[in-house]
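First up is the structure itself, then whatever we jot down about it.
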Amino acid sequence: MPSMTEAAAMTGPMTSPMILADGIRKRFGANEVLKGVSLTLAKGEVVAVIGPSGSGKSTFLRCLNHLETIDAGRIVIEGDVLADNDTGGRARYVADAEVRRICARMGMVFQHFNLFPHLTVLENVIEAPITVKGLKREAILPKAEALLRKVGLFDKRDAYPSRLSGGQKQRVAIARALAMEPDIMLFDEPTSALDPELTGEVLRTMRQLADEHMTMLVVTHEMGFAREVASRVVFMDGGELIESRPAAEFFANPQHPRTRAFLDSML
Ligand SMILES: Nc1ncnc2c1ncn2[C@@H]1O[C@H](COP(=O)(O)OP(=O)(O)O)[C@@H](O)[C@H]1O
Ligand SMILES: [Mg+2]
């Protein structure tokens, strides 16, 4: 008979992937945008998602944390079912409160930062912990200040977003997501809206998170970042996941002709 710890290791949360997406289908009207996408992320994995514009990358990310609802498939976050097919093959979500509880474990960073323009940097970071988690301002303040130090923006804590560069805004957005203490971070082209000289500071912050073993799913056009930081690279095209391989193999020896054509087009 296995010991208690062995039994726990076999069946407990340690064995559950951080993200399990299976057969995700999503259509907008007649446009089927996700045609059965499956992807699993283990704890601490950094997965880069690449692919042409319109291939469904953003929609896939948004489906994982319920910014969009799926039509079919199964999403399980850290062992907890968010949505699963019913007997008719249509996705059914768990109760609203459970959806909120599960999705709170995922932080998201968007291409266009989405900071609150009428709030200072510090207020942006503490807003969700106060309004969503019900924390007192004094309780979240030390954590918020530590996060701003971490992203190098403590001296900007009282500035409004309009006074910041794009790179600074995006680092605030990362600090804001981290303030909710997520287990998983989703990034949707976090550097695509930035001037080239500002991408480095954001990628450095992301690399630091990866070094701290944050589980990260990153849609990106930064091939250098994908190659150096991601453990795995996934190529999406036309609503399908075409190829998913360890980063080094992916770039050295892409298997699928569509992957090769895409990588050639990026050079
Ligand atoms: N809210 C929406 N309503 C209708 N169509 C959408 C919506 N969001 C995305 N789409 C469509 O879904 C397809 C995939 O878009 P998207 O997921 O944004 O791709 P990507 O992020 O890879 O560029 C596109 O054809 C896009 O026009
Ligand atoms: Mg997109």
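Partners of K133 within straight-line reach, counting lysines whose Cα lies under 25 Å from its Cα and excluding those fewer than 8 residues away in the same chain: K43, K143, K150, K156, K169.
In a simple Cβ point-charge model (Lys, Arg +1; Asp, Glu -1; nothing else charged), the chain has a dipole of about 340 debye relative to its Cα centre. Electrostatic bookkeeping for I19 treats Lys and Arg as +1 and Asp and Glu as -1; over the other residues with beta carbon under 14 Å from its beta carbon, the sum is 0.
Taking one quarter of the surface of the convex hull spanned by the alpha-carbon atoms of the chain gives a direction-averaged projected area of 17.2 nm².
When Rg and the Kirkwood Rh are both derived from Cα coordinates, the Rg/Rh ratio for segment 189-267 amounts to 0.97. When you restrict to C-alpha pairs under 8 Å that are six or more residues apart and normalise by the size of segment 165-267, the relative contact order lands at 20 percent. Available extension along the chain between L141 and R260 is 38.0 nm, counting 0.36 nm per residue and deducting the alpha carbon span. Highest mean packing first, where packing is the average number of other Cβ atoms within 10 Å per residue, the peptides 239-246, 18-25 line up as 18-25, 239-246. Taking Cβ atoms as reference points and 13 Å as the exclusive limit, the residues near E189 contribute a net charge of 0, counting Lys and Arg as +1 and Asp and Glu as -1.
Taken about its Cα centre, segment 116-182 carries a charge dipole of about 120 debye when Lys and Arg each add +1 at the Cβ and Asp and Glu each add -1 at the Cβ. Take the chain with all the other protein chains still there, run a 1.4 Å probe, and you get 48 Å² of accessible area per residue.
The accessible-area ordering, largest first, of the residues F28, F60, F110 stands as F28, F110, F60, per a 1.4 angstrom probe.
In plain terms, if you count all Cα to Cα distances in segment 116-182 and split them into 5 Å steps from zero, the share in each step is 4, 21, 34, 25, 13, 3, 0 percent.
Length gained on full extension, T69 to S165, computed as 0.36 nm times the residue gap minus the Cα-Cα distance: 31.2 nm. Principal semi-axes of the equivalent ellipsoid, √(5λ) from the alpha carbon gyration tensor of segment 111-267, are 33, 16, 13 Å from largest down. Of I50, T215, L119, which is farthest towards the positive pole of the chain's charge dipole, taken about the Cα centre with +1 and -1 on the beta-carbons of Lys, Arg and Asp, Glu respectively? Ranked along the dipole, the leading option is L119.
Summing charges over all other residues whose Cβ lies under 15 Å from the Cβ of G73, with Lys and Arg as +1 and Asp and Glu as -1, gives +1. Using the average count of surrounding beta-carbon atoms within 10 Å as a protection proxy, the listed peptides 163-171, 248-256 rank, highest first, as 163-171, 248-256.
Which percent, nearest 5, of DSSP beta bridges in the chain are antiparallel? Looking only at bridges with both residues in the chain, the antiparallel portion is about 60 percent. Across segment 116-182, Cα pairs under 8 Å and at least six residues apart give a relative contact order of 48 percent.
The values are calculated or read from the model by the stated rules, or taken from the named source; none is laboratory data. Quantities reported herein were computed from a predicted structural model and do not represent experimental measurements. Note that we place each Cβ from the backbone using ideal geometry, even for glycine, and neighbour counts take in every protein chain shown. Accessible surface areas use protein heavy atoms only, side chains included; no ligands, DNA or RNA. Shrake-Rupley method; radii C 1.70, N 1.55, O 1.52, S 1.80 Å.
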